[in-house]
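The values are calculated or read from the model by the stated rules, or taken from the named source; none is laboratory data. Since we're looking at a predicted model, the values are computed, not measured. Cβ atoms come from the backbone with ideal geometry, glycine included; neighbour counts cover every protein chain shown.
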Amino acid sequence: METVEVFTTEEKGRGLKAAKEFWAGDVIFAERAYAAVVFDSLTHLVCHTCFKRHEKLHRCGQCKFAHYCDRTCQKDAWVNHKNECAAIKQQGKAPNENIRLAARIMWRIEREGGGLTEGSLVSIDSLQNHVEHFGEEEKKELRIDVENFLEFWPKGSKQFGMQFISHILGVINCNGFTLSDQRGLQAVGVGIFPNLCLVNHDCWPNCTVIFNNGNHEAVRSLFHTQMRIELRALGKISVGDELTVSYVDFLNISKDRREQLKKQYYFDCTCEHCQKGIKDDLMLAVKEGDGKPSPDVVKEVIQFSKDTLEKIDKARN
Ligand SMILES: [Zn+2]
Ligand SMILES: [Zn+2]
Ligand SMILES: [Zn+2]
């Protein structure tokens, strides 16, 4: 990829920096999911290929579990669904979304190996898993997931060791990216996008991630587009600038953001906004002020939130 470069630093580990200049809204890169699955509660309401929600979906005649918009989506799915389909049919039921995602990743590794795939800057093998940071409760859940995985995984498929299975489940835990339906309103699934995993967090990021469901409406398949994420610039980015996104809601106050980052991503945020508590006074005034906050404060918070959301919205179009 010519638009970005991988770098490594002592304190933050790997990251990505811009290899050319970008302006607000520019697509820095687009990436297809290495693997992705629909959430358990929505498997019959959302297409398993493009993650669009539809009134009427076609059901896979074999496993009766997978659902698709149409033949195009069903055909596109087959390479990733083939093994899953047989395993579900054999067991008579599908395992939960975590296990399904882990299995899709493993079948892809079985097909292509665990090294770099085309267009990727990082291999699945070398993504962070944070398993060594797990507490007792998380370790217990991991053990249950490993058991469920082994129960689902067919004897005829390539066999992986416990440690590697734990690695993949750990990768899903801290790198899973939530996918939304075509209106962008509902979280409907989760996917792994290796290049995106390299983008570090900042509470005041210069990029945002847009999920694009793709489009099959053109008559000629040449003009069809596939489901993908797009990393887009929120403002001007110069060559050599680190690219960042916010892993958490940046409208939360810094204490809440730091807690969530530590709990889910296992690091202490040291960005300028966290260190200085920039804007916290505004957010706190609305959240915890005794009685009602002053109209000026409310106005300022609303303006601040609007400006931020507008910036993201602009990057979307
Ligand atoms: Zn579809
Ligand atoms: Zn099937
Ligand atoms: Zn921060």
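For this structure, a couple of remarks:
- Unique residue being away from ligand 1 (no atom under 11 Å from the Cβ), surrounded by 15 or more Cβ atoms within 10 Å (Cβ to Cβ) and farther than 17 Å from residue 190 by Cβ when the list is 69, 63, 73: 63
- Any hit, the stretch 159-174, residues being under 14 Å from the mean Cα position of the chain (by Cα) and either within 14 Å of ligand 1 (Cβ to nearest atom) or surrounded by fewer than 21 Cβ atoms within 10 Å (Cβ to Cβ) (or both): yes
- The listed residue being under 20 Å from residue 50 (Cβ atoms), away from ligand 2 (no atom under 16 Å from the Cβ) and in a helix (DSSP H, G or I), out of 100, 108, 104: 108
- The numbered conditions (1) out of contact with any Phe, Trp or Tyr (no Cβ under 8 Å at 6 or more places or on another chain); (2) within 16 Å of ligand 1 (Cβ to nearest atom); (3) hydrophobic (A, V, I, L, M, F, W, C) are all true for residue 23 except (2).
- Residue within the stretch 239-246 that is surrounded by 21 or more Cβ atoms within 10 Å (Cβ to Cβ), at pLDDT 90 or above and under 26 Å from residue 99 (Cβ atoms) present: no
- Pairs with Cβ under 8 Å, 6+ apart, first in the stretch 64-88 and in the same structural domain as residue 105 (by TED's automatic domain parsing) and under 15 Å from residue 47 (Cβ atoms), second away from ligand 1 (no atom under 13 Å from the Cβ) and acidic (Asp, Glu): 66/84
- Residue in the stretch 25-37 that is in contact with a Cys (Cβ under 9 Å, 6 or more places away or on another chain), assigned to a strand (DSSP E or B), of a type outside the set (Gly, Ala, Ser) and surrounded by 15 or more Cβ atoms within 10 Å (Cβ to Cβ) present: yes
- Sole exception among (1) in the same structural domain as residue 45 (by TED's automatic domain parsing); (2) in contact (Cβ under 8 Å) with a residue 60 or more places away in the chain for residue 184, by number: (2)
- 2 or more residues in contact with a Phe, Trp or Tyr (Cβ under 9 Å, 6 or more places away or on another chain) and under 29 Å from residue 130 (Cβ atoms): qualifying helices (runs of 4 or more DSSP H) within the stretch 187-293: 194-197, 254-265, 272-276
- Answer residue from the stretch 254-270, given it is closer than 30 Å to residue 295 by Cα and crowded, with 17+ Cβ neighbours inside 10 Å and is nearest to ligand 2 (Cβ to nearest atom) among those: 257
- Just so you know, in the stretch 38-59 the residues that are within 19 Å of residue 78 (Cα to Cα) and of a type in the set (Ser, Thr, Tyr) include one that is surrounded by the fewest Cβ atoms within 10 Å (Cβ to Cβ), and it is 43.
- Output for the stretch 47-92, where each listed residue is assigned to a loop (DSSP other than H, G, I, E, B) and either within 16 Å of ligand 3 (Cβ to nearest atom) or polar (S, T, N, Q) (or both): 49, 62
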